[in-house]
Amino acid sequence: MGKSIFSVIIPCYNVEKYISKTIESVLNQTFNNFELILINDGSKDKTREILEFYEKQDKRIKVINKVNEGVSKTRNLGIELAKGEYLYFLDGDDCIENSLLENANLIFKNKNIEMFSFGYDIKSNQGLKICCNKKYDEKLFTSKEFLRKFLKKEISQHICSLVIKKEILKNSKFNSELITGEDLDFLMRLLLEKDFYIYRKSVPYFHYMIRENSATTRKIIPFKNLNTLDSLNLLRKQMLNKKIYEFKEYHAIRFFNIIKSLAENGFIEEDYIKIKNKFKETEYILKDLKLEFNKRSILLNILKMFYRINFKFLLFVFNINYRIKLYLNYKKRKNL
């Protein structure tokens, strides 16, 4: 077999229930010139046995077993091992459309294009959410143009909804020091520091699954998400130095949504101190914001008003509002 055009990298940790479906979605690609790198990150269930079974069935599969180090170091290892010209990252409990790599191959016929970005959908207990703005279907962007669209929420981007030329990732790694937000940090640094062309399609080739018992849905996650702000604080100086002013609003809105989630899940006094410290890191944005009343800035207006009054009271209001919603939903179900 000659050199693979694509390297699909999948970090795997305790995904015995889902990994077979994930692997099958890759093996069923209509374009078959790829290698599949499966990295077992010290799983304690039967993930290793499943990976090694598939490795015996298909020569395109390479399995690496290692001690648990986290998703960032695992992806970095995948980048080092990859022999393909283009890389695609996928998580061990998600799936892709079988035409993804075929479409990527057609797009990369244009050698000026070095990243292919596409839409995705999110399936959860709440239903299906499709993340793709058709306004930017089949559009070409510079990396800085794309970054600005992303920060303004005009384009949704997931680390698993892009295929990128390996050469672009030279000297770029996932930050293993970050507890959460490593994907966001990696993507933003890449767009900020490198100059390249991105082709965007709105088709949802990536299917992101939120499991009922997954970490994403547990109470602990809002507090872990608070640490996502650490990655944004690291990027702040670089963004503003390069005059990416859209970052300020993005930073504030991201903070707003995280504290709203925290309040809805309940918090204790020690947690409030952590939240308050993070809030201080966001003050540089709020001090400069002018109170305007339009759809885009409504979240920032609320945050700035409570910044002037009492931050703790903001958390209290969010919590009460959430409890009222729960009660009304309970009454509605009871009356059915």
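A quick yes/no check of all residues on (1) within 30 Å of Glu145 (Cβ to Cβ); (2) of a type in the set (Lys, Arg); (3) surrounded by fewer than 18 Cβ atoms within 10 Å (Cβ to Cβ):
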{"site": "Asp58", "(1), (2), (3)": "no, no, yes"}
{"site": "Ile61", "(1), (2), (3)": "no, no, no"}
{"site": "Leu90", "(1), (2), (3)": "yes, no, no"}
{"site": "Asp93", "(1), (2), (3)": "no, no, no"}
{"site": "Glu97", "(1), (2), (3)": "yes, no, no"}
{"site": "Ser117", "(1), (2), (3)": "yes, no, no"}
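Could you check how many residues of the stretch 241-255 are closer than 15 Å to Glu193 by Cα and either surrounded by 18 or more Cβ atoms within 10 Å (Cβ to Cβ) or touching a residue at least 12 places away in the same chain (Cβ under 8 Å) (or both)?
Step one: filter the stretch 241-255 for residues closer than 15 Å to Glu193 by Cα, giving 241-244, 247.
Next cut, either surrounded by 18 or more Cβ atoms within 10 Å (Cβ to Cβ) or touching a residue at least 12 places away in the same chain (Cβ under 8 Å) (or both) only: 242, 244, 247.
Total satisfying the criteria: 3.
Mind telling me which of the residues Asn14, Asn28, Asn65 ends up being within 25 Å of the chain's Cα centre (by Cα) and exposed (fewer than 15 other Cβ atoms within 10 Å of the Cβ)? Outline the logic, then answer.
On the way: Asn14 fails: exposed (fewer than 15 other Cβ atoms within 10 Å of the Cβ); Asn65 fails: exposed (fewer than 15 other Cβ atoms within 10 Å of the Cβ).
The match here is Asn28.
Does the stretch 127-150 contain at least one residue that is of a type in the set (A, V, I, L, M) and modelled with pLDDT of 95 or more? Don't jump to the end; show me each part of the working.
Quick first cut of the stretch 127-150, residues of a type in the set (A, V, I, L, M) only: 128, 130, 140, 147.
Now narrow it down to the ones that are modelled with pLDDT of 95 or more: 140, 147.
Checking the stretch 127-150: at least one residue is of a type in the set (A, V, I, L, M) and modelled with pLDDT of 95 or more.
Are any of the residues in the stretch 38-60 of a type in the set (Val, Ile, Thr), within 30 Å of Leu106 (Cβ to Cβ) and touching a residue at least 60 places away in the same chain (Cβ under 8 Å)?
At the first step, the residues of the stretch 38-60 found to be of a type in the set (Val, Ile, Thr) are 39, 47, 50.
Adding the requirement that they be within 30 Å of Leu106 (Cβ to Cβ) leaves 39.
So of that shortlist, the ones also touching a residue at least 60 places away in the same chain (Cβ under 8 Å) come out as none.
Checked against the condition, which is being of a type in the set (Val, Ile, Thr), within 30 Å of Leu106 (Cβ to Cβ) and touching a residue at least 60 places away in the same chain (Cβ under 8 Å), the stretch 38-60 yields no hits at all.
Pull up the stretch 223-240, narrow it to residues that are closer than 13 Å to Ile179 by Cβ and surrounded by 19 or more Cβ atoms within 10 Å (Cβ to Cβ), then point me to the one that is modelled with the lowest pLDDT.
Asn225
The values are calculated or read from the model by the stated rules, or taken from the named source; none is laboratory data. These numbers come from a predicted model, not from an experiment. Using ideal geometry, Cβ is built from the backbone for each residue, glycine included, and neighbour counts are taken over all protein chains shown.
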